[in-house]
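What follows is a set of notes on a single structure, which appears directly below.
None of the figures in this text is laboratory data; all of them are computed from the coordinates on show. All values derive from a computational prediction rather than experimental measurement. Reconstructed Cβ throughout: ideal geometry from the backbone, glycine too, with neighbour counts over all protein chains shown.
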Amino acid sequence: MSFKFNRGCWVESTENGWNVLATGCGETPEDGTIEGASVGSRSLRTMEGRIVLARLLMDKFGRRLLAEKTIQILMSRLNRGISVSHEAMRDLGVSGACALCDEKEPEGSCCSTGLENKIETPLLLINLLLGVKIQRTGQRKGSCFFLSRHGCTLKARHMLCIDYLCPPLERQLGAKNLVRMQMATEEEIQSLFLLEEEIGARISLWLRAP
Ligand code: SF4
Ligand code: SF4
């Protein structure tokens, strides 16, 4: 599957083997079978299916995950990383420029429809662990499922969402500030990656030996 990313740049979406692993214990939103995870309106290929599965996993493993020391450390690193990124976005004028773009441009911000396909179950689960109340429907026509009038409704975003700046904004920032922006997002990106790996490993282990 491929989909449009940020006006004109196409990226591939990978089906995440982690989802299939999670269905191994019968945790499928559709009919309780692995086959059911890839068909139907609530399959893992749909956002609704992924949200349902993330909630099921949260119910089943959330408390246990939050009790793990490594997960706690990574969650705290992620929270810190998110704050540092947001602060840099504010200080360097990125937040203001993107809010203005969303308001003024006919197509709104570059959080285009289809980008939600990059948000897979592990990232949704991380958002639930962070206390985010995932909203059920896309609020804005032509925009990503998770975009509200006030910006992204997710706290933990995909790496592409964290990293992407359009060429005009890059030019406006200049090389020095671009480096500052990249350095500011480092902890968020790293801890997100490590957290996703750790959660996948834990759940995989617990599924094999409950
Ligand atoms: S990155 Fe560029 S296109 Fe995307 S919202 Fe910001 S200003 Fe607009
Ligand atoms: S997940 Fe959030 S940041 Fe990423 S495209 Fe959607 S609304 Fe934008």
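Centroid-to-centroid, using Cα positions, the range 107-155 and the range 61-92 are 18 Å apart.
Pairs K118/K176; K104/K176; K118/K141: which are spaced more than 23 Å apart, C-alpha to C-alpha?
Checking Cα-Cα distances, K118/K176; K104/K176 exceed 23 Å.
Which length gain, in nm to one decimal place, applies between R202 and D59 when the Cα-Cα distance is subtracted from 0.36 nm times their residue separation?
Extending this stretch completely gives an extra 50.0 nm.
Label positions at E186 and K155, each projected 7 Å from the Cα along the C-beta direction, are separated by 2.5 nm. Within the same chain, lysines fewer than 8 places from K69 are excluded, and of the rest, those with a Cα less than 25 Å from its Cα are K60, K133, K155.
For E187, E48, what's the fewest-to-most ordering of other Cβ within 10 Å of each Cβ?
Fewest-to-most ranking of E187, E48: E48, E187.
Stretching A175 away from K133 to a fully extended chain increases their span by 11.4 nm, per 0.36 nm per residue minus the current alpha-carbon distance. Along its principal axes, the range 73-210 has C-alpha extents of 53, 35, 21 angstrom, given from the largest down. Sorting T153, T121, T185 from the fewest to the most surrounding beta carbons within 10 angstrom yields T153, T185, T121.
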